[in-house]
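Comments concern the structure below.
The values are calculated or read from the model by the stated rules, or taken from the named source; none is laboratory data. Note that this is a predicted model, so its numbers are computed, not measured. When we count neighbours, we look across all protein chains shown, and the Cβ atoms used for this are built from the backbone with ideal geometry, even at glycine. Only protein heavy atoms, including side chains, enter the accessible area calculation; ligands, DNA and RNA are left aside. Shrake-Rupley method; radii C 1.70, N 1.55, O 1.52, S 1.80 Å.
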Amino acid sequence: MKAANIKRFIGDVLSEVGLTQEDGQIVANSLVGANLRGVDSHGVTRLSIYVKRLGLGAINAKPSVSILDESGATLLIDGDNGMGQVVGTRAMGLGIEKAKRDGAASVGVRNSNHFGTGAFFLQQAVREDLIVFAMSNAPSTMAPWGGIEPYLGTNPYAYGIPAGKYEPILLDMATSVVARGKIITAAKEGRDIPAGWAIDQQGRPTTNAQAALDGTVLPFAGPKGYAISLMIDIMSGVLTGAGFGSHVNNIYGDFDKTQNVGHFFHLVDISRFMPIDQFKSRVDQMIEEIKQAPKAEGAEEIFLPGEMESRIQLQRLQEGIPLSPEVYGDLRQTGLEYGVDLEQYLYN
Ligand SMILES: NC(=O)c1ccc[n+]([C@@H]2O[C@H](COP(=O)([O-])OP(=O)(O)OC[C@H]3O[C@@H](n4cnc5c(N)ncnc54)[C@H](O)[C@@H]3O)[C@@H](O)[C@H]2O)c1
């Protein structure tokens, strides 16, 4: 289905649940942007849970995002329990202004919700020639290394670097082996997951997607991934005054509570270190040296972070976004509950 048509559908559904047109478009751009880049786990498949929480009042459809505190290099933002993409976009906008004025900005956000994909926020900052670091905590789905009881989230960690001739370098990753959304998608589609992604409730390895969701996902790189996830939770949750660890509420349950997710963004104005063109040509040189480096047996190409996603985006902008029957059905049902029929958006 064409990206522009899905965006209109999502915008219309979200305005029925109370978001302003502008905020609905922000969420639509984040979700469809994720699908365009091939990150289907954080794309339109999330609409139904967002709409459910908005409908129940567990997310505030019209938040007043406000600055609680500001100093020379820091901003503390209250998200007023708004949609994570909306709160994050406002916070990033304020951080971008500040970094351009003051050279760098550290932005802490409390009282927010699931912010979708980290790359969405990176793109806002690299367009402005800033280096950006974006992270968020998330509900407990990952046990500390050696444990079986989820405590940390799959806390995403994202870094954006502007380049010159080439696409920006966008590293955007869950701190679990894979984003839990990929396991949710597999469970929705009745598929097994590869070994090594998760353990079940008893701590045994599993390839059953539902058993994995009932158990705990595994951190990437074993204890190192656990440790990085912990650091992200300290910056996004402990430091900002948001929930942390098991005090971040479950998006798929806890419908009578707010999630109190926290985010942390750090922005650096490159021009305070060297002229921007010089930096970009140094990044370009690095990209070229990596792309031309000798390849391991069986490897056809060496990629930069974000490169594969931008290739998928070119293809999906032309050919449309593939939606599985399960995801299409889920989206259509979500819209129908608010009188918006996805079928009406198929061709125009
Ligand atoms: N909001 C939340 O609570 C939350 C939680 C977890 C994850 N997420 C999101 O889930 C998404 C998916 O995360 P993931 O960890 O499953 O992604 P992934 O494993 O598909 O990719 C992670 C990163 O590795 C890079 N990469 C992959 N293969 C590469 C290669 N061969 N060479 C160079 N780079 C390569 C990708 O470009 C990407 O930047 C992200 O957008 C993340 O922000 C969100």
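Listing for the model above:
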{"item": "Qualifying residue in segment 267-275 (condition: part of a strand (DSSP E or B) and aliphatic (A, V, I, L, M))", "result": "yes"}
{"item": "Flag if L31 is within 16 Å of the ligand (Cβ to nearest atom) and assigned to a helix (DSSP H, G or I)", "result": "yes"}
{"item": "Residues of segment 285-334 that turn out to be over 21 Å from the mean Cα position of the chain (by Cα), of a type in the set (A, V, I, L, M) and open to solvent by 40 Å² or more (accessible area, probe 1.4 Å), as a count", "result": "5"}
{"item": "The lone exception for H114 - which of (1) away from the ligand (no atom under 16 Å from the Cβ); (2) open to solvent by 20 Å² or more (accessible area, probe 1.4 Å) it fails", "result": "(1)"}
{"item": "Count of residues meeting criterion [within 20 Å of the chain's Cα centre (by Cα) and part of a helix (DSSP H, G or I)] in segment 41-94", "result": "24"}
{"item": "Single match in E128, E97 (criterion: more than 16 Å from R180 (Cα to Cα), more than 14 Å from the ligand (Cβ to nearest atom), in a loop (DSSP other than H, G, I, E, B) and acidic (D, E))", "result": "E128"}
{"item": "Conditions (1) in contact with a His (Cβ under 8 Å, 6 or more places away or on another chain); (2) open to solvent by 50 Å² or more (accessible area, probe 1.4 Å); number of the one not met by A195", "result": "(1)"}
{"item": "Members of segment 162-200 found to be within 12 Å of the ligand (Cβ to nearest atom), of a type in the set (A, V, I, L, M, F, W, C) and in a strand (DSSP E or B), listed by number", "result": "I169, L170, L171, M173"}
